[in-house]
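Computed from the coordinates by the stated procedures, all read-outs in this text should not be read as laboratory data. Since the model is a prediction, treat every value here as computed from it, not as a measurement. In this analysis, Cβ positions are derived from the backbone assuming ideal geometry, glycine residues included, and neighbour counts consider all displayed protein chains.
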Amino acid sequence: MNWLIERFQSSRDHIAFIHEGREVTYAEVLATITAFLTRIDAAGIQKGDAVVVVGDYSPEVFCLMLALAQNGSIVIPLTKNSVIEESVALSVSGCDWYVEFTADGIDATITPRVIASDNALLASFRERGSPGLVLFSSGSTGKPKGILHDFNLVVEKFRRQRQAVVAIPFLMIDHFGGINTILAITSSLGTVVTVSDRTLAKICSAIERYRVELLPATPSFLTLLMASKLHSDFDLSSLNRITYGTEVMPQSTLDRLIKAFPGVNLQQTYGLSEVGVLRSQSRDDRSLWVRIGGEGFQTKTVNDVLWIKSEYAMVGYLNAPSEFDADGWFNTQDQVEVDGEYFRILGRVTDLINVGGQKVYPSEVESVILDMPNVRDVAVFGETHNLLGQIVVAKIVLVQPEAVESVKKRVRQACLAKLSSFKVPAKVVLTEDVLHSARQKKIRRE
């Protein structure tokens, strides 16, 4: 990790962060890391100690995480909107120290908080003497899992310096994709623009004000952006690249993005907390076919499911058996189609709807419904049925009020025009609920 600090030294006067309008140079980042190292030493935080860090993106949160990594500690980042309850997380990871940042992300309180953990994986990892990073899965497919990484290995992926950009880290800092983004930006001596919340207006305003060049987002966020038409109310002309990942992109949303952002490169990304984020290249801006892999990664398919072998893989789960096979391959649970070097991600096996033995991928139905007038958002999922096994359900958020029978009729007509009859939603539910999580990922369930 020393190479990263040395790289910061080479660009001391460059702006590393713009946090709520406050500019922080790489020289100030280095000074803050040093100050935290002094506090860590004074507090008595030891190599191998588990340190919970509660905060969101800010220069200080990032600097503390790097200082703890330099100290050889095990970092457990959490936010107020973490995917699991804090008490559940700490019962899995254990805790020696608890650090809580103020709402503005500047000041931190460091206190001892001992929650014992006799986890065998953590015990063996501590013998390495390497810094650790513990993240938690959302638990959308079952019990949340504690995922242990070697922090040095997470950082090592970015040793090769790339072009500096001004970017907003969209995913949260307790998410692997969020940490990947902030390390990618800073390791290339770019500028991280952070916002206090990830509302559409707040992010668009930050892009306009700070001339942001790269927006990494989720398809759910981009779908809402297109439906809101807020992109027309702000000057977003500084954007030259929009990346999207973590879930399947509806083709209709991608088509709208192409019209709304002509000349902006649209790039699909792919990664998992267990294996890291792969390098990716979309076949073209209009295509959902993507080539993934890059140095340190191998890919293959088994029964149309994507498997990945990674040099940057996790050490293991803290509270579940390893899902890597004996040769180091990981089953992503993502159903794919293959065309030469390119993959098209169809969706998680767990999201697949089985209608009388026929497969339905929620994203393809959602794409059709999102193209309908008066639809702001939609989530498609399966519901148990005595005869068919499952039926297709569409939960829809409208732009303007409309009778449910009218919506049902329009949904049926639109879907029959583009999809096989068994993919047409048998049930349509109108809702005003938010259909995505705090991490801006689609929630496909009742």
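Taking a virtual spin label 7 Å from the Cα of Q9 along the C-beta vector, which residues in region 31-61 bring their backbone nitrogen under 17 Å of it? Hits in region 31-61 for Q9 at 17 Å: 31-35, 37. Taking other C-beta atoms within 10 angstrom as a stand-in for reagent exposure, H436, H385 fall in the order H385, H436, fewest first. Can you tell me how region 88-207 classifies by the Cα gyration tensor, rounded, prolate or oblate, using a/c under 1.5 as the rounded cut? Here region 88-207 falls in the prolate category. Roughly speaking, what % of Cα-Cα pairs in region 222-359 are separated by over 23 Å, rounded to a whole number? Counting pairs separated by more than 23 Å, the tail of P(r) holds 43 percent. Applying the criteria of a DSSP loop state and at most 16 other Cβ atoms within 10 Å to the GluC sites (Glu not before Pro) of region 227-325 yields E295, E311, E323. Computed from Cα atoms, the angle from the helix 219-228 axis to the main principal axis of the chain rounds to 60 degrees. Taking label points 7 Å from Cα along the Cα-to-Cβ direction, R344 and L430 give a separation of 3.4 nm.
Choose one of T246, S322, V336: the residue whose Cα lies farthest towards the positive end of the charge dipole of the chain (beta-carbon charges +1 Lys, Arg; -1 Asp, Glu; about the Cα centre). Of the listed residues, the answer is V336. Would you mind pulling out the separation of the Cα centroids of region 211-245 and region 303-336, in Å? Taking the Cα centre of each part, region 211-245 and region 303-336 sit 32 Å apart. For region 2-155, the square roots of the Cα gyration tensor eigenvalues, ordered a ≥ b ≥ c, give a/c of at least 1.5 with a/b greater than b/c, which places it in the prolate category. The trypsin sites (Lys or Arg not before Pro) of region 61-158 meeting both criteria, a DSSP state outside H, G, I, E and B (loop) and at most 15 other C-beta atoms within 10 angstrom of the site's C-beta, are K80, R128.
Computed over region 271-349, the range of Cα coordinates on each principal axis works out to 40, 25, 19 Å, biggest value leading. Among H149, H19, a tally of other beta-carbon atoms within 10 Å of each Cβ gives an order, fewest to most, of H19, H149. Between helix 59-71 and the chain there is an angle of about 60 degrees, using the helix long axis and the longest principal axis of the Cα atoms. Under the combined filter of DSSP loop state and at most 15 neighbouring Cβ atoms within 10 Å, region 26-71 retains none of its chymotrypsin sites (Phe, Trp or Tyr not before Pro). With a ≥ b ≥ c the root eigenvalues of the C-alpha gyration tensor of region 370-446, is it rounded (a/c under 1.5), prolate (a/b larger than b/c) or oblate? Taking the square roots of the gyration eigenvalues as a ≥ b ≥ c, region 370-446 is oblate.
How far, in nm, would the chain grow between K202 and R113 when pulled straight, counting 0.36 nm per residue and subtracting the alpha carbon separation?
Length gained between K202 and R113: 28.5 nm.
For R113, the residues 5 or more places off, or on other chains, whose built amide H falls under 5 Å of its own are W97, Y98. Helix 251-260 and the long axis of the chain differ in direction by around 70°, with both axes built from C-alpha atoms.
Once the Cα-Cα distance is subtracted from the 0.36 nm per residue extended length, the R39 to Q400 segment shows a gain of 124.5 nm.
State the answer as a single residue: which of Y270, H385, N71 lies farthest towards the positive end of the charge dipole of the chain, with beta carbon charges of +1 for Lys and Arg and -1 for Asp and Glu, about the Cα centre. Farthest towards the positive pole: H385. Once the Cβ-Cβ distance of M1 and N354 is raised to the sixth power relative to R0 = 41 Å, the FRET efficiency obtained is 0.30. As a rough footprinting exposure proxy, the listed residues D371, D13 were ranked by other beta carbons within 10 Å of their own, and the order from fewest upward is D13, D371.
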